[in-house]
Amino acid sequence: MRPLALASLIGLASCASAASAPRTDPPALRVAGGDIEVAIADGHLDLSRAQLMAWISGSAGAVTAYFGRFPVPHYRILIEPVAGRSGVLSGTTWADGGAHTRMMVGEHATTEDLARDWVMTHEMVHTSFPDQPRSHSWIEEGIATYVEPLARSWVGRYPAGKVWIDLVNGLPNGLPRDGDRGLDHTHTWGRTYWGGALFCLVADLEIRDRSHGRFGLVDALRGILAAGGNDQVDWPIERAFREGDKATGVPVLQELYGSMKDAPVAPDLDALWRSVGVAVTRGALELDEQAPRAASRRAISARAPAPVAP
């Protein structure tokens with residue numbers, strides 16, 4: 001989750017200060033493309049540092065699989081124990097002062113909680129796109145919402161079928177409601193997270209249609225990153241989309257943004273699911289492999305090859 005107000009940033013500063021000497025060990029974790037420094041604030045955790053590091057490493061592996069490398073060369077994580085609680089409670093990521101995330105973890109969190117967690121991966125994905133103002137929070141949260149389960153499924157940490165069930169259940173939250181003024185001007189929870197994810201899915205399918213299956217959203221996002229567009233730069237959203245479209249050879253991101261930024265565009269989700277051959281009946285996934293876009297759905301689910309080094 002990205003901070004949406006200055007108060008959140010002040011809160012992190014005071015919290016980090018209160019944990020005056022967070023526990024940290026020498027060089028934490030090396031990943032493809034960078035390193036991750038991990039500090040644990042004062043307080044009790046039932047989990048060991050080794051168990052926490054395995055969780056972080058698994059999340060970083062999923063993000064690296066999707067983007068071809070970790071998005072930033074140096075990333076800091078502060079784990080804050082929360083007394084009397086269990087589970088992974090929340091995460092917040094900042095770009096200022098270098099990419100860094102605060103994770104709130106209940107003192108009684110278990111390895112099962114870590115295995116189920118999606119928040120760490122979601123926060124790491126935030127480092128992959130140029131830092132945006134509040135009017136464009138929907139693209140930052142939308143990418144994280146869309147990419148996180150796919151990335152985890154690519155490395156065997158989430159069932160591939162569950163990704164599609166989650167999309168079927170979640171994307172209606174992203175449709176415009178009465179009074180909606182487009183993605184840039186409607187800052188509700190549904191439009192920010194699921195409206196952004198809807199943009200991503202529609203873009204993914206359209207890129208695959210127009211490139212005749214050669215490229216998908218993953219290639220656009222990797223192209224933005226390859227051009228230097230991680231969260232350590234303040235690019236206008238238009239520049240980021242131009243770089244993404246350059247990577248795929250089709251202007252889908254720019255065109256889709258032009259249509260959805262100022263207007264309440266509502267894609268026909270029933271028709272979309274029929275086109276990719278997805279149905280959910282009483283919680284069970286049903287796939288139609290003869291559907292017109294079934295190959296695109298399979299390609300979205302399949303792990304993309306690592307990019308070739310220049």
Just to confirm a number: summing +1 for Lys and Arg and -1 for Asp and Glu over residues other than A83 whose beta-carbon lies under 14 angstrom from that of A83, what do you get?
-3
So what's the angle, to the nearest 10 degrees on a 0 to 90 scale, between helix 237-248 and the longest Cα principal axis of the chain?
60 degrees
Distant-in-sequence amide H partners of V31 (H built 1.01 Å from N, under 5 Å)
I36
Does segment 22-156 classify as rounded, prolate or oblate by the C-alpha gyration tensor (a ≥ b ≥ c root eigenvalues; a/c under 1.5 gives rounded; else a/b over b/c gives prolate, otherwise oblate)?
rounded
Relative frequency of Cα-Cα separations exceeding 29 Å in the chain, percent:
35 percent
The chain: angle of helix 6-18 to the longest principal axis, Cα-based, in degrees nearest 10:
30 degrees
Scoring only Lys, Arg, Asp and Glu (+1, +1, -1, -1) among other residues with Cβ under 13 Å from the Cβ of E255 yields -1
Relative to the longest principal axis of the chain, what angle (0 to 90°, nearest 10) does the C-alpha long axis of helix 217-226 take?
50 degrees
Per-residue HN-Hα couplings for segment 281-295, Karplus 6.51 cos²θ - 1.76 cosθ + 1.60 at θ = phi - 60°, whole Hz, x for Gly and Pro?
10, 6, x, 9, 7, 10, 10, 10, 6, 9, 5, x, 10, 4, 5
What number do you get for segment 141-262 when its Cα radius of gyration is normalised by 2.2 N^0.38 Å, N = residues?
1.05
V105's amide H: which non-local residues (gap 5+, or another chain) put their own amide H closer than 5 Å, with H modeled 1.01 Å from N in plane and none for Pro or chain starts?
E80, V82, L89
Given the options I40, A295, Y193, identify the residue whose Cα lies farthest towards the positive end of the charge dipole of the chain (+1 on Cβ of Lys, Arg; -1 on Cβ of Asp, Glu).
A295
Inter-part distance where segment 178-231 and segment 262-303 are each reduced to a Cα centre, Å:
16 Å
Under 14 Å from the Cβ of E289, count the other residues' Cβ atoms, weight Lys and Arg +1, Asp and Glu -1, and hand me the total.
+2
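Since every read-out is calculated from the coordinates, none of them should be taken as a lab result. Predicted model only: the values in this text are computed from it and were never measured. Please note: Cβ atoms are built from the backbone with ideal geometry, for glycine as well, and neighbour counts cover all protein chains shown.
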